[in-house]
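Taking it in order: structure first as structure tokens, then the write-up.
We did not get these values from a lab; they are worked out from the coordinates using the rules stated. What you see is a predicted model, and the numbers here were worked out from it, not measured in a lab. We place every Cβ from the backbone using ideal geometry, glycine too, and count neighbours over all the protein chains shown.
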Amino acid sequence: MTLTVVCDVLGRENNGTTIAAMNLIHSMRAKGHTVRVVCPDEDKRGMKDYFIMPKLNLGPFNKGLADNGVVLAKLDRKLLEEALDGADAVHLLVPFSLSMASAKLVHEKGLPLTAGFHCQAENFTSHIFLMNSRLVNKLVYKEFDKQVYRYVDCIHYPTEFIRGVYESEVGHPTTHRVISNGVNRAFRRERCDKPERFRDKFVILFTGRYSKEKSHKVLIDAAALSKHSDEIQLVFAGCGPQEEKLKKRSEKLKNPPVFRFFSREDMVRVLNYADLYVHPAEIEIEAIACLEAISCGLVPVISDSPRSATRYFARDERNLFKCNDPQDLADKIDWWIEHPEEREKEGAAYTGYARQFDFDRCMDEMERMIVENSEVCHAAR
């Protein structure tokens, strides 16, 4: 089949949405499908089956987007028509401006349409300082529904958690499939020595964009409160606009944290020499980063935030801490530091638990969703 994938945002594979998009694109192509990609990425101009849209100009908000490494697409209707011509199916990634226009056009053309749900309302409202406004978040979900998802034949939810949130907020059930974004097969448990500078340190890793809703500050404060503070070495894998603020907050720590974006190969190495994985994020649809960690045998300690799906990866209370409570997190960290045998045992258990998020199985499910939806829609014509 010929599948057109519409990506309002693509860019580097340094966030869950882009990784999910590229995984789908690569997987569908590997299965023999033709995949056309509509995106605003100038570095992909001239590449086969890429349709490069102009960038959306948001005036005073442009700098904030740039700081987040985000480029948004603006509609070029003629180019979009070209990308849709002869397509058997269309898949949208996020409910932003380009996808809004695409959803309406695809609906008018009667093409089969699926869409991922990769954006919580809070991912948007956190940037306008309204992350905790229930009313504003509800209005954002209502707008997503009105502008995009009401035109969609089948919605892809990465977790049951976000399906429940969305259907509750918009007040009606949806036609959907719940499919994990999957963990790349490169993330597996293997012995790896720590770098020399970390040999006498207890390495705690967190992978996530340096943004407010990821709550890096909670882990920094917990490390300072820990009984083993002098031993702890934090590694923050990622990038983002909060980096300088987080570095400033970290000045109280004896061991300066590592702030760095890692390649996939380097990330696998870090995951296999780290001692513990902490996921303090308050807002999270799935957190593939956490699944990558447990696939490598790292024990996770996860925020119990009611707005995060990641809490469901906790096997018991030892893997959870109270949301935005540095002292409770420090206590959990100390327990795992002081019980290395339990940490080894639990890491092995988590490796088995992670098999349900096998990348190939998840990508097979994504293909099945798109193909079956296309068949149903074409048969109904």
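Of all lysines in the structure, the ones whose alpha carbon falls short of 22 Å from that of Lys214, not counting any fewer than 8 places away in one chain, are Lys63, Lys138, Lys245, Lys247, Lys248, Lys252, Lys322, Lys332. Cβ crowding within 10 Å ranks Glu108, Glu292, Glu282, Glu231 as Glu108, Glu231, Glu282, Glu292, fewest other Cβ atoms first.
Over the chain, DSSP H runs of length four or greater, each weighted -39,500 (n - 2.57), average out per residue to a 222 nm ellipticity of -12500 deg cm²/dmol.
In terms of its alpha-carbon gyration tensor, the range 196-356 comes out rounded; the largest-to-smallest axis ratio a/c stays below the 1.5 threshold. Coupling constants for the range 295-304 follow from the phi torsions by the Karplus curve (6.51 cos²θ - 1.76 cosθ + 1.60, θ = phi - 60°), and in residue order they are 5, 8, x, 7, 6, x, 10, 10, 4, 8 Hz; glycine and proline get x. In the calculated pair-distance distribution of the range 158-285, the portion above 26 angstrom amounts to 34 percent of the Cα-Cα pairs. Taking the Cα atoms only, what angle lies between the long axis of helix 216-225 and the longest principal axis of the chain, rounded to 10 degrees? Helix 216-225 sits roughly 10 degrees off the main axis of the chain. Computed extension gain for Glu338 through Asp200, at 0.36 nm per residue and net of the alpha carbon distance, reaches 48.2 nm.
Here the Karplus relation 6.51 cos²θ - 1.76 cosθ + 1.60, evaluated at θ = phi - 60°, turns the backbone of the range 175-187 into coupling constants of 7, 7, 9, 9, 9, 4, 5, x, 9, 4, 5, 5, 8 Hz, with x for every Gly and Pro. Each 10 Å bin from 0 upward holds the following percent of the Cα-Cα pairs of the chain: 5, 23, 32, 24, 12, 3, 0. Relative to one another, the C-alpha centroids of the range 119-190 and the range 292-314 are positioned 18 Å apart. When you filter the chymotrypsin sites (Phe, Trp or Tyr not before Pro) in the range 83-170 for DSSP loop state and at most 12 other Cβ atoms inside 10 Å of their Cβ, you are left with Phe129. Counting other Cβ atoms within 10 Å as a rough exposure proxy, the listed residues Tyr50, Tyr312 run Tyr312, Tyr50 from fewest neighbours to most. Loop-located GluC sites (Glu not before Pro) in the range 137-210 (DSSP state not H, G, I, E or B) with no more than 12 neighbouring Cβ atoms inside 10 Å: Glu190.
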